[in-house]
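Quick notes on the structure that follows.
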Amino acid sequence: MKKLIVVLAVIAAIVVVALIVAVSNIDKLIAKGIEKVGSDAMQTRVSVSGVDISFKEGRGSIKGLRVESPQGFDNRTALSLEDITIAIDVESVREDPIVIMEIRIKAPVVNAEITQAGETNINVLKKRVESYGGKVTVGGGEPGKPEKKLRIMKFVVEQGRIEVDASSLGLANQTIVLPEIRLSDIGGAAGAAPEEVAREIMSAVAHETAAAIAGSEIDGLIEEKLGESAVDKAKGVLEKVFK
């Protein structure tokens, strides 16, 4: 009996140590998950410099998220998101939908490089994401178990900018301010599938970005450089950056 008690005690100790290690490494595991899924979906390197998540407090932050440009583009970094903060309704994690109180992206930088053919690195990345065969599930992804839905109460992008590189067309680089974007109650009371939530967010970002650059000086200069045939093929080059 004493031997059995000792064995059980050792097993219990191992379980406790495993849980402590798992909890202490949760930030690293999340960072690795972001990097792997992002890299797989975009077929380019995605990196994160730091993750700090506290499920107990229902908050988290992601620092230094970078997406490299596809091969064939000179700009090494296509997207730079230095500061992402997240607020989670902890009680909803076990429910459906999972409620995210707020996602706030502060000072994102988009390095939009435009080639002589009128293609952009951002468009290439977007197309890759759209054709990505994998699927990120919420709620474990167990066979036969319905995927959990998401409801985002507030989504904010602020203090962002677009660095337009059209040097391949002989134009000087220009900076365009990305308008503040605010969305509320994405998914509604019933929630929505992750891909539907992502689609709504991308659509809003595309609209605001296109509105900001449609009347910019560089838009007209690029069309002039590309010529009518190229413009017809890639009409509204800058407007397509996020579409």
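The values are calculated or read from the model by the stated rules, or taken from the named source; none is laboratory data. Remember, predicted model here, so these are calculated numbers, not experimental data. Neighbour counts are summed over all protein chains in view; Cβ atoms, including those assigned to glycine, are modelled from backbone coordinates with ideal geometry.
Numerical summary
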item: Of the criteria (1) modelled with pLDDT of 75 or more; (2) more than 20 Å from PRO108 (Cα to Cα); (3) not in a loop (DSSP other than H, G, I, E, B), which one GLU163 fails; result: (2)
item: SER47 vs. criteria among the polar types (S, T, N, Q), crowded, with 19+ Cβ neighbours inside 10 Å and at pLDDT 90 or above; result: no
item: Search result, residues across the stretch 83-109 that are more than 27 Å from GLY160 (Cα to Cα) and part of a strand (DSSP E or B); result: ILE98
item: Hey, LEU171 hydrophobic (A, V, I, L, M, F, W, C), surrounded by fewer than 18 Cβ atoms within 10 Å (Cβ to Cβ), at pLDDT 85 or above and in contact with a helix residue (DSSP H, G or I) (Cβ under 8 Å, 6 or more places away or on another chain) or not; result: yes
item: First in the stretch 92-110 and over 20 Å from ASN121 (Cβ atoms) and touching a residue at least 40 places away in the same chain (Cβ under 8 Å), second anywhere and basic (Lys, Arg) and part of a loop (DSSP other than H, G, I, E, B), Cβ under 8 Å, 6 or more apart; result: ASP96/LYS148; ASP96/LYS149; PRO97/LYS148; PRO97/LYS149; ILE98/LYS148; ILE98/LYS149
item: Matching entry among VAL164, VAL177 (being on the phi < 0 side of the Ramachandran plot, in contact with a helix residue (DSSP H, G or I) (Cβ under 8 Å, 6 or more places away or on another chain) and surrounded by 19 or more Cβ atoms within 10 Å (Cβ to Cβ)); result: VAL164
item: Hits in the stretch 180-192 - residues which are part of a loop (DSSP other than H, G, I, E, B) and in contact with a helix residue (DSSP H, G or I) (Cβ under 9 Å, 6 or more places away or on another chain); result: GLU180, GLY187, GLY191
item: Residues being of a type in the set (Lys, Arg) and more than 20 Å from ASP27 (Cα to Cα) - total across the stretch 62-93; result: 1
item: Identity of the residue in the stretch 58-91, of a type in the set (A, V, I, L, M) and in contact with a helix residue (DSSP H, G or I) (Cβ under 8 Å, 6 or more places away or on another chain), that ends up nearest to ASN123 (Cα to Cα); result: ALA78
item: Residues of the stretch 128-160 that turn out to be part of a loop (DSSP other than H, G, I, E, B), modelled with pLDDT of 85 or more and not basic (Lys, Arg), as a count; result: 1
item: Selection count, the stretch 155-198, where residues are within 23 Å of GLU130 (Cβ to Cβ) and either in contact with a His (Cβ under 7 Å, 6 or more places away or on another chain) or of a type in the set (A, V, I, L, M) (or both); result: 11
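Every residue, every condition in (1) under 20 Å from PHE155 (Cβ atoms); (2) touching a residue at least 40 places away in the same chain (Cβ under 8 Å); (3) buried (at least 19 other Cβ atoms within 10 Å of the Cβ), yes or no:
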site: GLY58; (1), (2), (3): yes, yes, no
site: PHE73; (1), (2), (3): no, yes, yes
site: ALA78; (1), (2), (3): no, yes, yes
site: GLU82; (1), (2), (3): yes, no, no
site: ALA87; (1), (2), (3): yes, no, no
